[in-house]
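Okay, structure first, notes after.
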Amino acid sequence: MSINQHKETQLLRDTSISSGFVEDTLLSNSFHQQPKIRHPKSDIQNREIRRPAGFTLIELLVVIIIIGLLAALVGPKLFGRVGKGKQAAAQAQIELFGAALDNFRLDVGRYPTSEEGLNVLLVNPGAVENWDGPYLKKQEIPPDPWGHTYVYKSPGEHGDYDILSYGGDGVAGGEGENQDVVSWQGIKRAGAGERVE
């Protein structure tokens, strides 16, 4: 065996130790660059398993628990305000009925009877002289914010007429959202014992 053949055999053995050495040598010779020597250990490090982008189940559960805790703390306060808002809306609607009833009285000379009810503000039943309605913009008498009909009495126990809503529970009396909203006084503030006029 000649010295050149021996060098070539040695070179082939060296290239079998690291994969890709011959290719790198050929490429480097063609581009006149230094050969890159790949080591099997570095290939394993480059193939390190990378975690895909996104959230784990535990991270999502932690976020859901935090949102649930915030909702549990803030929710009851917001729902309490919804009840107060419904009471204020009922009070405003009763005041609008009162203004329409006053206009009816100016035209007809009296308030509607309990039998005629609030519907006479929209439609003349035929027997009412000087009726110049409708006295409300709506096509029908709206229910209170809880879906119940308003109670109208004339003559009333507290004035010429009484208009009332029985609140969230639909029965007389109650506290908080279930408190009655009436035409002869304002809404009672919870805890203060005062009426809002």
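Here are some notes:
- Here V120 meets the list (1) outside any loop (DSSP other than H, G, I, E, B); (2) open to solvent by less than 30 Å² (accessible area, probe 1.4 Å); (3) in contact (Cβ under 8 Å) with a residue 24 or more places away in the chain almost entirely, failing just condition (3).
- Filtered residue count, the stretch 178-187, keeping only those that are surrounded by 18 or more Cβ atoms within 10 Å (Cβ to Cβ) and at pLDDT below 80: 1
- Residue in the stretch 156-170 that is open to solvent by 70 Å² or more (accessible area, probe 1.4 Å), farther than 19 Å from Q185 by Cα and not in a helix (DSSP H, G or I) present: no
- Test: residue in the stretch 130-147 that is of a type outside the set (A, V, I, L, M), in contact with a strand residue (DSSP E or B) (Cβ under 8 Å, 6 or more places away or on another chain) and closer than 21 Å to T113 by Cβ: no
- Taking the criterion of being of a type in the set (F, W, Y) and modelled with pLDDT of 90 or more, the residues of the stretch 60-117 that qualify are F97, F104, Y111.
- Residue list for the stretch 103-116, filter: loosely packed, with under 13 Cβ neighbours inside 10 Å and either in contact with a helix residue (DSSP H, G or I) (Cβ under 7 Å, 6 or more places away or on another chain) or in a helix (DSSP H, G or I) (or both): L106
- All of (1) modelled with pLDDT of 90 or more; (2) open to solvent by 50 Å² or more (accessible area, probe 1.4 Å) hold for P125 with one exception: (1).
- Residue within the stretch 96-112 that is touching a residue at least 60 places away in the same chain (Cβ under 8 Å), within 15 Å of Y152 (Cα to Cα) and within 36 Å of the chain's Cα centre (by Cα) present: yes
The values are calculated or read from the model by the stated rules, or taken from the named source; none is laboratory data. Since the model is a prediction, treat every value here as computed from it, not as a measurement. Counting neighbours? That spans all protein chains shown, and the Cβs are built from the backbone with ideal geometry, glycine included. Ligands, DNA and RNA are stripped out before the accessible areas are found, and what is left, the full protein with its side chains, is counted by its heavy atoms. Shrake-Rupley method; radii C 1.70, N 1.55, O 1.52, S 1.80 Å.
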